[in-house]
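What follows is a short report on a single structure.
The values are calculated or read from the model by the stated rules, or taken from the named source; none is laboratory data. This is a predicted model, so every value here is computed, not measured. Note that we place each Cβ from the backbone using ideal geometry, even for glycine, and neighbour counts take in every protein chain shown.
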Amino acid sequence: MGSDDVNDYLREITSEDITTKDFRTWAATNLAALALRDFDAYDSAAKGKRNVLRAIEPVAKMLGNTRSICRKCFIHPAIIEGYLDTILEGIKDHADEILDDKASGLTAKELAVVAYLDRRLSTPSP
């Protein structure tokens, strides 16, 4: 079964325009967010950028991509921007309790990523 067959199947069962890339993007975004939340606060932009690279490395390896491709194509940019802006503290502090019973099939940590992205994307840029 090729990727086109899988994508056709996904569209058929969801009645949505969904592809395997959507699943890869969701997984990469979650993995990157969870990796970033485990880093201690950083005191320089250079350390923050190094932490981002360190967080992306295992995600890229899991996807079989380079860090650059993984970051550019599979990790939602708001996750990295938020970390570099230190906004991910909300996920770090509340990941185990946020929205746990609000959506079946998602873990509290996945729901925290969804909530974070929703807040981040709903807030107008300055």
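The table below gives the values:
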item	result
Tally, over region 22-75, of residues that are hydroxyl-bearing (S, T, Y), more than 14 Å from the chain's Cα centre (by Cα) and either outside any helix (DSSP H, G or I) or within 18 Å of V113 (Cα to Cα) (or both)	3
Test: residue in region 7-19 that is at pLDDT 90 or above, β-branched (V, I, T), assigned to a loop (DSSP other than H, G, I, E, B) and on the phi < 0 side of the Ramachandran plot	yes
Test: residue in region 87-98 that is part of a loop (DSSP other than H, G, I, E, B), of a type outside the set (A, V, I, L, M) and either surrounded by 11 or more Cβ atoms within 10 Å (Cβ to Cβ) or at pLDDT below 80 (or both)	yes
